[in-house]
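The values are calculated or read from the model by the stated rules, or taken from the named source; none is laboratory data. Keep in mind that this is a model prediction, so the values were computed, not measured. Glycine gets a Cβ as well: all are built from the backbone with ideal geometry, and neighbour counts include every protein chain shown. For accessibility, only protein heavy atoms count, side chains too; no ligands or nucleic acids. Shrake-Rupley method; radii C 1.70, N 1.55, O 1.52, S 1.80 Å.
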Amino acid sequence: MSESVENDSATGVQEQSIIRQVEYYFGDTNLARDKFLQEQVAKDPDGWVTLAVLLTFKRLAALTTDPDVVCKALDKSSTEPRVVEVSDDRSKLRRHPENPLPEQNEETRKEVQSRTVYAKGFPVEETTIEELLEFFQPFEKVVNIQMRRRPDKKDGETVHVFKGSCFVTFATREQAQEFIAKEKVEYKEANLIRMFKADYLEKSKLEHAEEKKKKKQQQQEEEESHFSLPKGTLLHITGIGAESTIESVKAAFAKLEADVAFVDYQRGEKEATVRLKVEDSAKTVFEKLEGGKVTLDGVEATARVLEGDEEKEFLAKTIKALAERRNLKKNRGGKANKGYGKYQNNRKRVATANNDDEPPAKK
C-alpha cells in the first residue's frame, strides 16, 4: 500500500470521527441536556455556535484543532436528515434549521426510549467513552451512548464509577432491534447482554421489588428469631365493662393460674387480647372457663382462643412493635421511651407500666 493511500485512509477515519462527534454534540439527546451548549446556541439569534468555542471541547479537540478540517469533514456527512449546518463563512455551526430539535415531552421521551438498548459486559475500570464510540461506530446507526455510573467513595470524596453497562440509542427502532437480534456481540471477548431499555427497566423494577420483599421477610424473620414469641398463647375477650383495667384483666386470669405476658387493652374499650407466656397454654386456660365466660369487675365477658391467620397477624404486629421500641431505645441512647413519639399517642400500646415488654421464653 502506498503512502498516499495510507494517508487517505487515515484522513477518512479522522473525518468520520469528526462527523460522529459534532453530530453527537448537536444531536437530539445531547443538545437537549447540554446546558453549556444551549447557552452558546442562545447567544446567537440564529443559533450559530463558533468553531472557536466548539474546538475547546476535549473530544473534538483531540481529533483536530483546525476549523477547516472540521468543516471539510461535515461537508462529507451522509446523515439524513442533516444534523449540522456549516455557515457560509465556515466559522460557525448550528443545528440544521430543517431538522429542529424535537419538543422535549413525555411522548418524545418514550419515542427515544423505544429505540434505546441496554448493553452490559464492558470492563468496569478500563472502558472510556472514546472506546465505546469507536466500538459502536460500525453499527447502524448509533446516535447516543450513555455510560451508566454509580456513586462511590474514593479518598473521602464521592466519585461516579462506571457500572459496566450503557444505554445506546439508535436512529430507528429497527436498527436497535437488529442490534439486539444479533446472535453474539462481543467486546474484548466478552459477549454483551442486550435488551431494549424499557425491558431492562421493567426487569430491574421487578428485581428491586423482589429484593425489597426478601429484605422485609428477612427482617421479619430476624425479629421473630430475636423475640421468639410462643404460639398458642392468645385469648380474645369481648363484652368488657367500662370499669375494667389492664390490672383487673390480669388479676382475673391469674385466678385461672394463667401466666399473663401482655394485655392489649385500653380502658373503656369493650375488647382486649390477652397473651400468655407459656406456649400452647391458651386452650388449657380457655377450658377452665364455663361456656367461655370470664367475669371482669362484675361484668361477664366472653373469651375465645385466637388461632390461624388472626394469631399470625397479632403476633407479627407485636413483634414489629417490639422491634420498633427496641430501635427507638437504641436511637435515644438506651433511655426508656414511655410516653415518647408514636407510643405517646398510640391508642393500643405494646407495653405499659403494667405489661411485660420482654419476650417470654418458650416452654
Checklist entry - Taking region 177-206 as the search range and keeping residues that are over 27 Å from the mean Cα position of the chain (by Cα) and closer than 22 Å to I129 by Cβ, which one is surrounded by the fewest Cβ atoms within 10 Å (Cβ to Cβ)? => result E189
Checklist entry - Only one of (1) open to solvent by less than 80 Å² (accessible area, probe 1.4 Å); (2) within 27 Å of T11 (Cβ to Cβ) fails for D44. Which number is that? => result (2)
Next on the checklist: Please verify whether A209 is within 40 Å of the chain's Cα centre (by Cα) and surrounded by 13 or more Cβ atoms within 10 Å (Cβ to Cβ), treating the condition exactly as stated.
Outcome noted: no
Checklist outcome for this item: By residue number, the members of region 65-114 that are within 30 Å of M195 (Cα to Cα), among the hydroxyl-bearing types (S, T, Y) and either surrounded by fewer than 17 Cβ atoms within 10 Å (Cβ to Cβ) or without any contact (Cβ under 8 Å) to a residue 60 or more places away in the chain (or both) are S77, S78, T108, S114
Item to check | Top-ranked residue in region 90-121 [being of a type in the set (D, E) and within 18 Å of V41 (Cβ to Cβ); ranked as farthest from the chain's Cα centre (by Cα)] | outcome: E98
Item to check | Residue count, region 308-347 (criterion: within 26 Å of S248 (Cα to Cα), at pLDDT 90 or above and loosely packed, with under 14 Cβ neighbours inside 10 Å) | outcome: 1
Next on the checklist: Can you say whether T56 is in a loop (DSSP other than H, G, I, E, B), at pLDDT 95 or above and under 38 Å from the mean Cα position of the chain (by Cα), as far as the supplied structure shows?
Outcome noted: yes
Checklist entry - Say we look at region 290-306 and pick out the residues that are without any contact (Cβ under 8 Å) to a residue 12 or more places away in the chain and among the charged types (D, E, K, R); which of these is most open to solvent (accessible area, probe 1.4 Å)? => result E290
Checklist entry - Looking only at residues in region 156-176 that are outside any strand (DSSP E or B) and touching a residue at least 60 places away in the same chain (Cβ under 8 Å), which one is nearest to the chain's Cα centre (by Cα)? => result A176
Checklist entry - Are there any pairs, at least 6 apart or on different chains, whose C-beta atoms fall under 8 Å, with the first in region 184-203 and more than 18 Å from I145 (Cβ to Cβ) and the second of a type in the set (V, I, T), and if so, which? => result N191/V185
